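Student: The structure follows.
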Protein chains: 4
Amino acid sequence: MSRKPPPPPAAVLVIDVLNDLAFPGGEKVVPWAHKMAARLKPFLARARAAGFPVIYVNDNYDHWRSDHGEIYRYCTRKGARGRAVVRKLKPRRDDYFIVKPKHSGFFGTSLQPLLQHLGARRLILTGMATNLCVFFTAHDAHMHEYDLYALSDCCAAESDFDHDTALDQLKRFCGVTVMRSDEVDFEAETPAAPEEKDKRRGEAAGKPEKATNAR
Amino acid sequence: MSRKPPPPPAAVLVIDVLNDLAFPGGEKVVPWAHKMAARLKPFLARARAAGFPVIYVNDNYDHWRSDHGEIYRYCTRKGARGRAVVRKLKPRRDDYFIVKPKHSGFFGTSLQPLLQHLGARRLILTGMATNLCVFFTAHDAHMHEYDLYALSDCCAAESDFDHDTALDQLKRFCGVTVMRSDEVDFEAETPAAPEEKDKRRGEAAGKPEKATNAR
Amino acid sequence: MSRKPPPPPAAVLVIDVLNDLAFPGGEKVVPWAHKMAARLKPFLARARAAGFPVIYVNDNYDHWRSDHGEIYRYCTRKGARGRAVVRKLKPRRDDYFIVKPKHSGFFGTSLQPLLQHLGARRLILTGMATNLCVFFTAHDAHMHEYDLYALSDCCAAESDFDHDTALDQLKRFCGVTVMRSDEVDFEAETPAAPEEKDKRRGEAAGKPEKATNAR
Amino acid sequence: MSRKPPPPPAAVLVIDVLNDLAFPGGEKVVPWAHKMAARLKPFLARARAAGFPVIYVNDNYDHWRSDHGEIYRYCTRKGARGRAVVRKLKPRRDDYFIVKPKHSGFFGTSLQPLLQHLGARRLILTGMATNLCVFFTAHDAHMHEYDLYALSDCCAAESDFDHDTALDQLKRFCGVTVMRSDEVDFEAETPAAPEEKDKRRGEAAGKPEKATNAR
């Protein structure tokens, strides 16, 4: 009989994969982004199938409208460098979506309240760029005292140097465990989930009054 | 010749008007919400015409998807108490939209970075409920040292007592000027606006590379 | 045999009791502050004896030096209205101390990281003024999803109206349980405490190297 | 006649120099910390003489008491590795002091409200370690849209690699200008300063009532 406590509930963060790669140096990220997408797509499928929340955390591209459809259309516009990658990694209907205005997914967003709502204390980090938005989101998550995992094959950067240095710093100073996507054993994990059934479901069935914050 | 410095650039906050009013006590808010909408609709039209940013700051109704269309549809569903009010106050294409998970519009949102992006230091507060989301958003704005105005005829609450007490507390302790919507002179104000042209416009015209945070 | 889970670990917040009461209206608070101190002093003694962390959360009086001694001296200066109250409620060596620059104890402070460090999820609120710093700290704590208690006899305000209205709003909208100090049963509560032994204690005994954030 | 606007008011951040260097790898920082102190001490003297606010932003060493004297004593205890450096860089009576619980100076602190109080929009970064607390404080400052300068000879890290990589990343991605301390021309800068005279001064002279947040 094991006395080891179960791992805290986990969620998957998918950082800036809706990305037109139109920034300076973005052309160097393209091949790495394709490799990342090839691994990330099946990983997300496994996560969803096992009941783990998948949370897209994505730049707002100066839209400030809280509309992920608009961001998706913008990043898949004709000629956008990231188009094929973005299409491959299109968010699903049941994924969560957080729009961020800056590098870190915790800055000016509801990521922290969402994770609290879900009860998640363990985060699996994926996306790009490894040394920027993934890195700074990981660091903020570390300050918030989450248990952290970064998937080396589901992240992408401009160069091996940027990618490797970032993962190395996260290991050394932010308590991040770096692993490959095929090393994640969803059977051994507990998915994060809101305590009460998602309230939207009650809608059709003549949902009773509930206390919201919309007052 | 006046030596008085011009007022700081202003923005209009529209708080929780996409609202199904399905919370306990919501039925008492209904008549006040209708009165509010009758004043708020023309006020927003004046603000937009004068070039002032209109920022919807709205509860997420536990959707956590950063999708204001979904929230609009939810609050205008058949039988929703707030349906008529919500339809009257539907956000326009050029309005900003901030989804909030809790009472205050500053908690877990990008309202503060958006206001910084716009250069707004003066906020005109409208919406409901006066004593809850308007009140707590005003208080957070006060701690962030914004110049604050609340429009008594463009806010609504469950009762006169709740409405009046809240406005009175904001006056006494948060430096809020309380006025009616017809007292706002947009000619004498400066609209907040991002320093550089909104970047979305460049999209169709073969926009050049820019530095985003989506890395 | 009870299946009820134990209450989450608790901490006591003591808000703005180092107070010169030199604000407009402060003279009206004086008699209430004396009544509060008469109840709060023995309550804090009970809390400390039972091992519960006592956290002073106090205005910085524009000192911005992170020095609670300086704030204590300032508020007990000759002629300060609050002098007797402040002396009565002087922080003890083992109490925590958070300096805040604005109304809410969570705004621009390390209260949230401290509570996370302590593992506290249940807060007992005391101090003044009931309708300002206690009220807004309670509201922020509610948005952070703490379990909340306010002690009516250990809070003070300018008037019964301000005091009662604030407590009533906290009950109605922020899930706060309002009770008297003699109703708190420390035997039935679990004190919050850092998981690892407080690291300062190791100091004299040739403390080994530890990972801090001071790099 | 120049039409160029004056630079925004500046403040100096001194990060984690009250440091016992007792973390793993701290012994490697020691020689660099001595070099840093040799440059930083005269730089701070110049800054103070020119009227620029000097803000110590320092780890709390798990004290959580908001007491910088206690931290100073702790880091200069007998046998502490950083003792000589800390003594050399002792804060002065008119310096500001922010205690931080985590890497970034903005996380769980009043640094942002203090900078707003001072009107500072331009920050000169010094301290250690270059790749940790300096780096992450710089990044948060960048997300808050400050104008940023880092002084290469007034920062220290474990190795040249850590130091240089961090400064390079700050240049590439956070808009930080990297320079040496002797390149800072205080004559050409505007010191940040609170709009109203510091209120403490009024104390002795029978200061009138003022509105504080301590209610």
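Student: Is one or more of the residues making up region D:51-67 more than 11 Å from chain C (Cβ to nearest Cβ) and of a type outside the set (A, V, I, L, M)? Can you show your working first?
Tutor: We begin by selecting, within region D:51-67, every residue more than 11 Å from chain C (Cβ to nearest Cβ); these are D:51-52, D:54.
In the following step, the residues that additionally are of a type outside the set (A, V, I, L, M) were identified as D:51-52.
Scanning region D:51-67 turns up at least one residue that is more than 11 Å from chain C (Cβ to nearest Cβ) and of a type outside the set (A, V, I, L, M).
Student: Can you tell me which of (1) closer than 30 Å to C:VAL57 by Cβ; (2) touching a residue at least 24 places away in the same chain (Cβ under 8 Å); (3) among the acidic types (Asp, Glu) is the one D:GLU27 doesn't meet?
Tutor: The failed condition is (1).
Student: Condition (residue is at pLDDT 95 or above and out of contact with any helix residue (DSSP H, G or I) (no Cβ under 8 Å at 6 or more places or on another chain)) applied to region B:51-61: is it met by at least one residue?
Tutor: To start, the set of residues in region B:51-61 that are at pLDDT 95 or above comprises B:51-59.
Remaining after also requiring out of contact with any helix residue (DSSP H, G or I) (no Cβ under 8 Å at 6 or more places or on another chain): B:51.
The answer is yes, given that some residue of region B:51-61 is at pLDDT 95 or above and out of contact with any helix residue (DSSP H, G or I) (no Cβ under 8 Å at 6 or more places or on another chain).
Student: Please work out if D:ALA150 is within 14 Å of chain C (Cβ to nearest Cβ) and either crowded, with 24+ Cβ neighbours inside 10 Å or of a type outside the set (A, V, I, L, M) (or both). Step through it out loud before you land on a result.
Tutor: Numbers: within 14 Å of chain C (Cβ to nearest Cβ): no; either crowded, with 24+ Cβ neighbours inside 10 Å or of a type outside the set (A, V, I, L, M) (or both): yes.
Here the answer is no, as D:ALA150 does not meet what is asked.
Student: Right, another one. Looking only at residues in region B:44-70 that are assigned to a helix (DSSP H, G or I) and touching an Asp or Glu at 6+ places or on another chain (Cβ under 8 Å), which one is surrounded by the most Cβ atoms within 10 Å (Cβ to Cβ)?
Tutor: The first filter runs over region B:44-70 and keeps only residues assigned to a helix (DSSP H, G or I), leaving B:44-49, B:68-70.
The next check asks that each one be touching an Asp or Glu at 6+ places or on another chain (Cβ under 8 Å); those that pass are B:48, B:68-69.
Working: B:ARG48: 15, B:HIS68: 23, B:GLY69: 15.
Checked region B:44-70; the qualifying residue surrounded by the most Cβ atoms within 10 Å (Cβ to Cβ) is B:HIS68.
Student: Working carefully through the options B:ILE98, B:ILE124, find the one that is more than 7 Å from chain A (Cβ to nearest Cβ) and within 30 Å of C:ASN131 (Cβ to Cβ). I'd like the intermediate steps shown before the answer.
Tutor: On the way: B:ILE98 fails: more than 7 Å from chain A (Cβ to nearest Cβ).
On inspection, the qualifying residue turns out to be B:ILE124.
Student: Please state which one of C:ASP140, C:ASP168 is buried (at least 22 other Cβ atoms within 10 Å of the Cβ), more than 13 Å from chain D (Cβ to nearest Cβ) and not aliphatic (A, V, I, L, M). Steps first, please.
Tutor: On the way: C:ASP168 fails: buried (at least 22 other Cβ atoms within 10 Å of the Cβ).
Of C:ASP140, C:ASP168, the one residue that is buried (at least 22 other Cβ atoms within 10 Å of the Cβ), more than 13 Å from chain D (Cβ to nearest Cβ) and not aliphatic (A, V, I, L, M) is C:ASP140.
Student: Can you run down the residue pairs with Cβ atoms below 9 Å, 6 or more apart or on separate chains, where the first is in region B:68-84 and in contact (Cβ under 8 Å) with a residue 60 or more places away in the chain and the partner is basic (Lys, Arg) and surrounded by 19 or more Cβ atoms within 10 Å (Cβ to Cβ)?
Tutor: Every condition considered, no pair remains.
Student: Of everything in region B:103-129 that's among the hydroxyl-bearing types (Ser, Thr, Tyr) and within 12 Å of the chain's Cα centre (by Cα), which residue is surrounded by the fewest Cβ atoms within 10 Å (Cβ to Cβ)? Can you show your working first?
Tutor: Applying the first criterion (among the hydroxyl-bearing types (Ser, Thr, Tyr)) to region B:103-129 yields B:104, B:109-110, B:126.
Subsequent filtering for residues that are within 12 Å of the chain's Cα centre (by Cα) retains B:104, B:126.
Details: B:SER104: 26, B:THR126: 28.
Per the stated criteria, the residue is B:SER104.
Student: Restricted to region C:1-43, and to residues that are of a type in the set (Gly, Ala, Ser) and part of a helix (DSSP H, G or I), which residue is nearest to the other protein chains (Cβ to nearest Cβ)? Full working, then the answer.
Tutor: From region C:1-43, those of a type in the set (Gly, Ala, Ser) are C:2, C:10-11, C:22, C:25-26, C:33, C:37-38; that's our starting set.
Of the ones still in play, those that are also part of a helix (DSSP H, G or I) are C:26, C:33, C:37-38.
Values: C:GLY26: 7, C:ALA33: 11, C:ALA37: 15, C:ALA38: 20 Å.
Result: C:GLY26.
Student: Evaluate region B:74-82: report whether one residue or more is surrounded by 18 or more Cβ atoms within 10 Å (Cβ to Cβ), within 14 Å of chain A (Cβ to nearest Cβ) and of a type in the set (S, T, N, Q).
Tutor: no
Student: Filter region B:101-121 down to the residues that are more than 10 Å from chain A (Cβ to nearest Cβ), over 28 Å from B:ASP160 (Cβ atoms) and not charged (D, E, K, R) and list them by number.
Tutor: Of everything in region B:101-121, those that are more than 10 Å from chain A (Cβ to nearest Cβ), over 28 Å from B:ASP160 (Cβ atoms) and not charged (D, E, K, R) turn out to be B:LEU115, B:GLY119, B:ALA120.
Student: Here's something else I'd like to know. Sort through C:GLU158, C:GLU145 and tell me the only one that's of a type in the set (D, E, K, R), within 9 Å of chain D (Cβ to nearest Cβ) and more than 12 Å from the chain's Cα centre (by Cα). Break it down into steps so the answer makes sense when it comes.
Tutor: Numbers: C:GLU145 fails: within 9 Å of chain D (Cβ to nearest Cβ).
Within the list C:GLU158, C:GLU145, the selection yields C:GLU158.
Student: Condition first: more than 15 Å from B:ARG92 (Cα to Cα) and buried (at least 20 other Cβ atoms within 10 Å of the Cβ). Now tell me which residues in region B:17-36 satisfy that.
Tutor: Step one: list which residues in region B:17-36 are more than 15 Å from B:ARG92 (Cα to Cα), which gives B:19-36.
Answer for region B:17-36, where residues must be more than 15 Å from B:ARG92 (Cα to Cα) and buried (at least 20 other Cβ atoms within 10 Å of the Cβ): B:ASN19, B:ASP20, B:LEU21, B:ALA22, B:PHE23, B:GLY26, B:VAL29, B:TRP32, B:ALA33, B:MET36.
Student: Would you mind telling me which numbered condition in (1) surrounded by fewer than 24 Cβ atoms within 10 Å (Cβ to Cβ); (2) touching a strand residue (DSSP E or B) at 6+ places or on another chain (Cβ under 6 Å) A:CYS133 fails?
Tutor: That leaves (1) as the condition not met.
Student: Of A:LYS41, A:LYS88, A:LYS100, which residue is buried (at least 21 other Cβ atoms within 10 Å of the Cβ), among the basic types (Lys, Arg) and in contact (Cβ under 8 Å) with a residue 24 or more places away in the chain?
Tutor: A:LYS100
Student: OK, next. All but one of (1) within 7 Å of another protein chain (Cβ to nearest Cβ); (2) free of Cβ contacts under 8 Å to residues at least 40 places away in the same chain; (3) not β-branched (Val, Ile, Thr) hold for D:PHE135; which doesn't?
Tutor: Answer for D:PHE135: the failing condition is (1).
Student: When the residues of region A:83-92 are narrowed to those that are in a loop (DSSP other than H, G, I, E, B) and basic (Lys, Arg), which ends up nearest to the other protein chains (Cβ to nearest Cβ)? First the steps, then the outcome.
Tutor: Taking region A:83-92 first, the residues in a loop (DSSP other than H, G, I, E, B) are A:89-92.
From what is left, the residues that are basic (Lys, Arg) are A:90, A:92.
Details: A:LYS90: 14, A:ARG92: 11 Å.
So the residue we want is A:ARG92.
Student: Sticking with this structure for a sec: With region B:93-204 as the region, which helices (runs of 4 or more DSSP H) entirely inside it contain at least 1 residues that are modelled with pLDDT of 95 or more and over 26 Å from C:PRO24 (Cα atoms)?
Tutor: Values: elements: B:111-118, B:135-143, B:160-174.
Filter on region B:93-204 gives B:111-118, B:160-174.
The values are calculated or read from the model by the stated rules, or taken from the named source; none is laboratory data. All of these numbers come straight from a predicted model, not from anything done at the bench. We place every Cβ from the backbone using ideal geometry, glycine too, and count neighbours over all the protein chains shown.
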